[in-house]
Amino acid sequence: MRRIYPDIQDNPDIVQAYAYPDDRPWLRLNMVVSADGAAWLDGRSGGLSSKGDKRIFQTLRGLADVVVAGGATVRKEGYGPVPPRASWAELRQGRPEVPPIAVISRSLALDLDGPLFTDAPSRTIVITCEHAPLDRRRLAAQRSDLIVAGDECVDMKLAVAGLHERGLTRLLCEGGPRVNAQLSACDLVDELCLSISPLLVGGDAARIQNGEHAKVPLSLSQVLEEEGVLFCTYTRERRDDRADDAV
C-alpha cells in the first residue's frame, strides 16, 4: 500500500493515517463503491472489497469506540459480534477489547436471539424510537443496551447524543445508504472513508447515500492506493459550535 495524496509514501502507518482527533467527538462513515458508484455487488458490499479494504476496515473498527449500522445492513451483511484481535491490544488500551455494535432500527425486525445479541464480548446497543412495537422494545431491552431516540422515527441527533452519554465518542458508521443519508441530513458526519474498487457493475445498486437530501461539502484529505483500489478520506470543516451541539 502507498499514500499518493497529500504526499507520496510507501507503506504508510494505517493506524496513524486513520487516527481519530483527540479533542472532540467524531463520526466517520466507511463505505466501499465500484468505479461507477455502486454500493454493493449482488446485494452485498463484500463483492466490492479487496485485501487492502479489509485491512483498513479492521483498523477502523479497532480505532472506534462503537460501530454503528442500520438494521437492514445488519440483516443483509449477516453481522455478528466484533471478534477480538491481538493486533488491537495497544489500540484499545483503557477500552473494552472490542467495540460494541450499535444497530439503528425503527421496526426492531432483528434476530434478538442471534449471536450479535447473545455472544457479543461488548454488549450490543439497539437504537430505536417510541413508535417501535412495544413487545419488541421490551425484548430488545433484555438483549441489549437500548436507546430510545425520537417518537415516530429514530432521531439521529438524539441517537448520537445517547452514544456520547455512554462515553462512545469515536463513532464508525458502516451504513447502510439510508442511515448515511439521515446522518448527513442532520449535519452529523465529520468524515467519509471511501474505498473505490476498479470495477464497473451497472445495474440498480444503491449509492452510498439514498433517501433524505443533504448537501455536505467535503475536502479531500488523504488518498491511499493498493492494486488499483483507491482509499479516499474526505473531511468536513465544522462550525465552532458544532461539538457543543452534538453532545
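Bear in mind that the values in this text are calculations on the coordinates, not laboratory data. Computed from a predicted model, the values in this text were never measured in an experiment. Because the Cβ atoms are built from the backbone with ideal geometry, glycine has one as well, and the counts that use them run over all protein chains shown.
Given the -39500 (n - 2.57) contribution per DSSP H run of 4+ residues, what per-residue ellipticity at 222 nm results for the chain, rounded to the nearest 500 deg cm²/dmol?
-6500 deg cm²/dmol
Order of 7-20, 152-165, 199-212 by packing, highest average Cβ count within 10 Å first?
Put in order of decreasing packing, that is 152-165, 199-212, 7-20.
Identify all aspartates and glutamates with a Cα-Cα distance to K215 below 16 Å; exclude those on the same chain that are fewer than 8 residues away in sequence.
Result set, ordered by chain and number: D187, D190, E191, E237.
How big is the C-alpha Rg of region 167-215 next to the rule-of-thumb value 2.2 N^0.38 Å, as a ratio?
1.31
Once amide H atoms are placed 1.01 Å from N in the peptide plane, what residues at a sequence separation of 5 or more from A205, or on another chain, have their amide H within under 5 Å of its amide H?
none
Determine which aspartates and glutamates satisfy two conditions relative to K76: a Cα distance under 16 Å, and not lying fewer than 8 residues away in the same chain.
Partners found: D42, D111, E174.
Report the net charge of residues surrounding R95, where surrounding means a beta-carbon distance below 15 angstrom and charges are Lys +1, Arg +1, Asp -1, Glu -1.
Net charge in that neighbourhood comes out at +2.
Remind me, relative contact order of region 25-117 in percent, using alpha carbon pairs under 8 angstrom and six or more residues apart?
Relative contact order of region 25-117: 27 percent.
Just to check I understand the Karplus step: with θ = phi - 60° and J = 6.51 cos²θ - 1.76 cosθ + 1.60, what whole-Hz values come out for region 46-59, glycine and proline as x?
For region 46-59, the Karplus curve yields x, x, 9, 7, 9, 4, x, 4, 5, 5, 5, 3, 5, 5 Hz.
Any idea what the relative contact order of the chain is, in percent, if you count C-alpha pairs under 8 Å spaced at least 6 apart?
Normalised by residue count, the contact order of the chain is 28 percent.
Would you list which aspartates and glutamates come within 12 Å of K51, measuring only between C-alpha atoms, while excluding same-chain residues fewer than 8 positions from it?
Qualifying aspartates and glutamates at Cα under 12 Å: E225, E226, E227.
Using a cut-off of 9 Å between beta-carbons, work out the net charge of the residues near L172 (Lys and Arg +1, Asp and Glu -1, L172 not included).
Its environment carries a net charge of +1.
Taking only C-alpha pairs under 8 Å that are 6+ residues apart, what is the relative contact order of region 84-214 in percent?
Reported as a whole number, the value is 18 percent.
Quick one: if you take sqrt(5λ) for each eigenvalue of the C-alpha gyration tensor of the chain, what semi-axes come out, biggest first, whole angstrom?
The three semi-axes for the chain are 28, 20, 19 Å.
Can you tell me the length gained on complete extension of the stretch R95 to E165, counting 0.36 nm per residue apart and subtracting the Cα distance?
The R95-E165 span can extend by a further 23.6 nm.
Between S197 and residues 5 or more places away or on another chain, which pairs have amide H atoms under 5 Å apart, with H built 1.01 Å from N, and which residues are they?
Here V33, S34, A35 satisfy the definition.
Starting from the Cα of Y5, step 7 Å along the direction of its Cβ; do the same at R123; then give the gap between the two resulting points in nm.
About 4.4 nm separates the two model spin labels.
Under a crude label model (7 Å from the Cα following the beta-carbon direction), how far is E225 from D111 in nanometres?
For the pair E225/D111, the computed spacing is 4.1 nm.
Through the Karplus equation 6.51 cos²θ - 1.76 cosθ + 1.60, θ set to phi - 60°, convert the phi angles of region 110-126 into ³J(HN,Hα) values in whole Hz; use x for Gly and Pro.
10, 7, 6, 9, x, x, 4, 10, 10, 10, 6, x, 10, 3, 5, 9, 10
Could you rank the peptides 72-80, 214-222, 135-143 by their average count of other C-beta atoms within 10 Å per residue, with the highest value first?
Order by mean packing, descending: 72-80, 135-143, 214-222.
So what are the ³J(HN,Hα) numbers for region 68-80, from phi and the Karplus equation (6.51, -1.76, 1.60; θ = phi - 60°), rounded to whole Hz, Gly and Pro as x?
Computed from phi, the couplings for region 68-80 are 9, 8, x, x, 5, 5, 4, 5, 5, 8, x, 4, x Hz.
Roughly speaking, what is the centre-to-centre gap between region 129-187 and region 189-236 when only Cα atoms are used, to the nearest Å?
So the separation of the two Cα centres works out to 23 Å.
To the nearest 20 debye, what charge dipole does region 24-148 have about its Cα centre, counting +1 at the Cβ of each Lys and Arg and -1 at the Cβ of each Asp and Glu?
The calculated dipole for region 24-148 is roughly 200 debye.
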